[in-house]
Amino acid sequence: MVLLTGTVSCGSATTSTGDPGCVVLRDLQERAVGKVTTSLTGTLPQDHSPRLGDGSAYVRHLYGAEAEPTATVYGTSHVRRRMANGHLLGYVDERIEFADGTVSAQGFYDLTAAMAGATQYVPTVGLTGSFRDKMGRRKFHTIAQGGKFSAGIEMCPAGMLK
């Protein structure tokens with residue numbers, strides 16, 4: 001969302017970093033396909049802001065330059081705590097499935113900053129196929145509230161990502 005030495009199935013969104021076995025997927029567009037939102041506080045109003053205890057399960061597609069999806073993202077996100085600066089801390093757990101391998105993305109991110117449009121990063125681990133034994137990060141940047149993001153993934157053999 002894929003990692004053979006310089007060869008992947010993501011079209012023009014893929015660029016080699018020059019390091020053997022590393023691939024950077026840039027300029028991906030991420031769009032929501034479906035989402036279910038829950039809250040510990042009961043029924044959610046239509047346009048509510050996230051609160052502690054909120055969570056969601058979602059399916060998104062990643063698109064490169066092609067009109068067809070490059071990968072499918074199956075994920076959950078939960079609002080875990082309020083940080084000292086008042087921002088909400090979210091935790092994401094995603095399985096990203098490409099035609100040639102699967103990636104796991106899990107970690108904490110600044111939900112408040114993400115909603116304001118700041119780029120966020122979450123660690124990734126390759127699970128199968130051309131991603132196996134690779135590590136890196138997934139980045140996302142909110143373009144529009146409600147499920148439209150700019151995204152990218154950088155993965156290399158362990159210890160190589162800069």
Q: Work out, step by step, the length gained on full extension between Ser49 and Arg82: first 0.36 nm times the residue separation, then minus their alpha carbon distance; give nm to one decimal.
A: 10.5 nm
Q. Which parts of the stretch 62-84 would a label at Asp27 reach, counting a residue when its backbone N lies under 12 Å from a point 7 Å out along Cα-to-Cβ?
A. 64-66
Q) Once you charge only the Cβ atoms, +1 for Lys and Arg and -1 for Asp and Glu, what is the size of the charge dipole of the stretch 56-162 about its Cα centre, to the nearest 20 debye? A) 420 debye
Q: Rounded to the nearest 0.05, what FRET efficiency do Ala158 and Leu127 give with R0 = 22 Å and r taken as the Cβ-Cβ distance? Could you check?
A: 0.95
Q: Take the solvent-accessible surface of the protein heavy atoms, probe 1.4 Å, and return the percent of it on the stretch 83-162 that carbon and sulfur atoms account for.
A: 56 percent
Q) What does the charge add up to near Leu52, with Lys and Arg as +1, Asp and Glu as -1, over the other residues with Cβ less than 12 Å from its Cβ? A) +3
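The values are calculated or read from the model by the stated rules, or taken from the named source; none is laboratory data. Predicted model, so just to flag it, every value in this text is computed and none were measured. All Cβ positions, even for glycine, are placed from backbone atoms using ideal geometry, and neighbour counts span all protein chains on display. For accessibility, only protein heavy atoms count, side chains too; no ligands or nucleic acids. Shrake-Rupley method; radii C 1.70, N 1.55, O 1.52, S 1.80 Å.
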